[in-house]
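Engineer: My questions all concern the structure below.
The values are calculated or read from the model by the stated rules, or taken from the named source; none is laboratory data. Model, not experiment: these values are computed from the prediction. All Cβ positions, glycine included, derive from the backbone under ideal geometry; neighbour counts span all protein chains shown. Note: accessible area is taken over every heavy atom of the protein model, side chains too, but ligands, DNA and RNA are not part of it. Shrake-Rupley method; radii C 1.70, N 1.55, O 1.52, S 1.80 Å.
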Amino acid sequence: QGHLVESGGGLVQPGGSLTLSCAASGIIFSSYNMGWYRQAPGKQRDLVARISSAGNIIYADSVKGRFTISRDNAKDTVYLQMNSLKPEDTAVYSCHAARGISFHWGQGTQVTVSS
């Protein structure tokens, strides 16, 4: 059974930076497409960034130029580096792993951007 655990969330001022980590276990990590999603209160969950097993990357328009997704297959970990954070980035950020019909979700980590 796959298990994903996010870490690195917290409170940061506008313009600040955070790096989120998602550690995977119970899956063949290198074969999975990995993504970060976020959900703000009262809003739907949206894709933030995705990195495929082949290393192809997509970003939501709202984070292009500010966020960077990366993966370290040797550590079974995917990262999201977030720079120039804005209050509208405040959300629960969740890690997702997918391979064919198999998928897994992490528990989420809270990111709050506020003065």
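Engineer: Which residues, taken from segment 41-82, are at positive phi and surrounded by 13 or more Cβ atoms within 10 Å (Cβ to Cβ)?
Structural biologist: Step one: of segment 41-82, the residues at positive phi are 42, 55, 65, 76.
Of everything in segment 41-82, just one residue is at positive phi and surrounded by 13 or more Cβ atoms within 10 Å (Cβ to Cβ), namely ASP76.
Engineer: Sort out which residues of segment 9-20 are within 17 Å of the chain's Cα centre (by Cα) and open to solvent by 30 Å² or more (accessible area, probe 1.4 Å), and write them in order of number.
Structural biologist: Passing the criteria: GLY9, LEU11, SER17, LEU18, THR19.
Engineer: Which strands (runs of 3 or more DSSP E) sit wholly inside segment 1-105 and have at least 1 residues that are among the basic types (Lys, Arg), modelled with pLDDT of 95 or more and touching a strand residue (DSSP E or B) at 6+ places or on another chain (Cβ under 8 Å)?
Structural biologist: Working: elements: 3-7, 10-12, 18-25, 33-39, 46-51, 57-59, 67-72, 77-82, 91-99, 102-105.
The qualifying strands (runs of 3 or more DSSP E) are 33-39, 46-51, 67-72, 91-99.
Engineer: Can you tell me which of (1) open to solvent by 40 Å² or more (accessible area, probe 1.4 Å); (2) over 15 Å from the mean Cα position of the chain (by Cα) is the one ILE27 doesn't meet?
Structural biologist: Tallying (1) open to solvent by 40 Å² or more (accessible area, probe 1.4 Å); (2) over 15 Å from the mean Cα position of the chain (by Cα), ILE27 fails exactly one: (1).
Engineer: Just one of (1) in contact with a His (Cβ under 7 Å, 6 or more places away or on another chain); (2) without any contact (Cβ under 8 Å) to a residue 60 or more places away in the chain trips up SER62, so point out which.
Structural biologist: So SER62 meets the others, but not (1).
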